[in-house]
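**Student:** Input: one structure, supplied below.
The values are calculated or read from the model by the stated rules, or taken from the named source; none is laboratory data. Bear in mind that the values here come from a model prediction, so they are computed numbers and not experimental data. A quick note on method: Cβ atoms are made from the backbone with ideal geometry, for glycine too, and the neighbour counts reach across all protein chains shown. With ligands, DNA and RNA removed, areas are computed over all heavy atoms of the protein, side chains included. Shrake-Rupley method; radii C 1.70, N 1.55, O 1.52, S 1.80 Å.
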Amino acid sequence: MASNTLSLSIITAFNLLCIAFAFDTRPLQDFCVADLTSKVRFNGLPCKDPSTVKADDFFFRGLHLPGNTSNRIGAALTSVNVASVPGLNTLGLSMARLDLARNCFVPPHYHPRATEVITVLKGYLEVGFVESSYNRTQYRKFLKKGDVFVLPIGLMHYFRNSQNAGIVTAT
């Protein structure tokens, strides 16, 4: 009886190990360029026929152009996402340029499914986030040109141009 229990335990453990080693995190295809004309919607957009994919499906021009900050919040956001770069489809990645006028701020917000990495290209920017534990610790940093700051997934964060140094540009 003990022999059968031991054998069953060994077989069960072996099967669990096989399942764990059989998993492959690599995608089944190199890319899935979005077919923006399709009416089908699911997790991402349907893929274009690979024979119709072009280099332009992975390209965006214009992130160097300043956004118009003469609005009530003093901010302009230029998004680079699957709508502008179909090659981003299913990659879980996007990018944006933020132009923030003098003495303006982006109010606290969060992204429930994305980590944000910000790089200051021009000016000075205050950035901060609050962690979600009982202590609610705030992490705040003043960034200058070339600095990078990571905002972890799902945490409340903000941006503020308080240096009176003109427009801040960040990606």
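**Student:** Give me a count of the residues in segment 116-132 that are crowded, with 16+ Cβ neighbours inside 10 Å and under 11 Å from the mean Cα position of the chain (by Cα).
**Tutor:** Adding up the residues that qualify gives 2.
**Student:** Follow-up. Spot the failing condition for VAL117; the list is (1) without any contact (Cβ under 8 Å) to a residue 60 or more places away in the chain; (2) more than 30 Å from LEU28 (Cβ to Cβ), and only one is missed.
**Tutor:** (2)
**Student:** Just to be sure, is ARG113 in a strand (DSSP E or B) and open to solvent by 100 Å² or more (accessible area, probe 1.4 Å)? Can you show your working first?
**Tutor:** On the way: in a strand (DSSP E or B): no; open to solvent by 100 Å² or more (accessible area, probe 1.4 Å): yes.
When the stated conditions are applied, ARG113 does not pass them.
**Student:** Out of curiosity, is PRO86 without any contact (Cβ under 8 Å) to a residue 60 or more places away in the chain and open to solvent by less than 70 Å² (accessible area, probe 1.4 Å)? Walk me through it before giving the result.
**Tutor:** Details: without any contact (Cβ under 8 Å) to a residue 60 or more places away in the chain: yes; open to solvent by less than 70 Å² (accessible area, probe 1.4 Å): yes.
Against the criterion (without any contact (Cβ under 8 Å) to a residue 60 or more places away in the chain and open to solvent by less than 70 Å² (accessible area, probe 1.4 Å)), PRO86 qualifies.
**Student:** For the structure I just gave you, tell me whether ASP30 is of a type in the set (Asp, Glu), open to solvent by 90 Å² or more (accessible area, probe 1.4 Å), at pLDDT below 90 and assigned to a loop (DSSP other than H, G, I, E, B). Write out each step before concluding.
**Tutor:** On the way: of a type in the set (Asp, Glu): yes; open to solvent by 90 Å² or more (accessible area, probe 1.4 Å): yes; at pLDDT below 90: yes; assigned to a loop (DSSP other than H, G, I, E, B): yes.
Judged against the criteria, ASP30 is a match.
**Student:** Turning to a different aspect of this structure: Filter segment 89-109 down to the residues that are of a type in the set (S, T, N, Q) and either open to solvent by less than 100 Å² (accessible area, probe 1.4 Å) or touching a Cys at 6+ places or on another chain (Cβ under 8 Å) (or both) and list them by number.
**Tutor:** ASN89, THR90, SER94
**Student:** Further, regarding this structure: Look at segment 65-99 and say how many of its residues are assigned to a loop (DSSP other than H, G, I, E, B) and either on the phi < 0 side of the Ramachandran plot or touching a Lys or Arg at 6+ places or on another chain (Cβ under 7 Å) (or both).
**Tutor:** 18
**Student:** Continuing with this model, one more query. Residue by residue through segment 52-83, note down the ones that are closer than 20 Å to ASP30 by Cβ, open to solvent by less than 40 Å² (accessible area, probe 1.4 Å) and not aliphatic (A, V, I, L, M).
**Tutor:** ASP57
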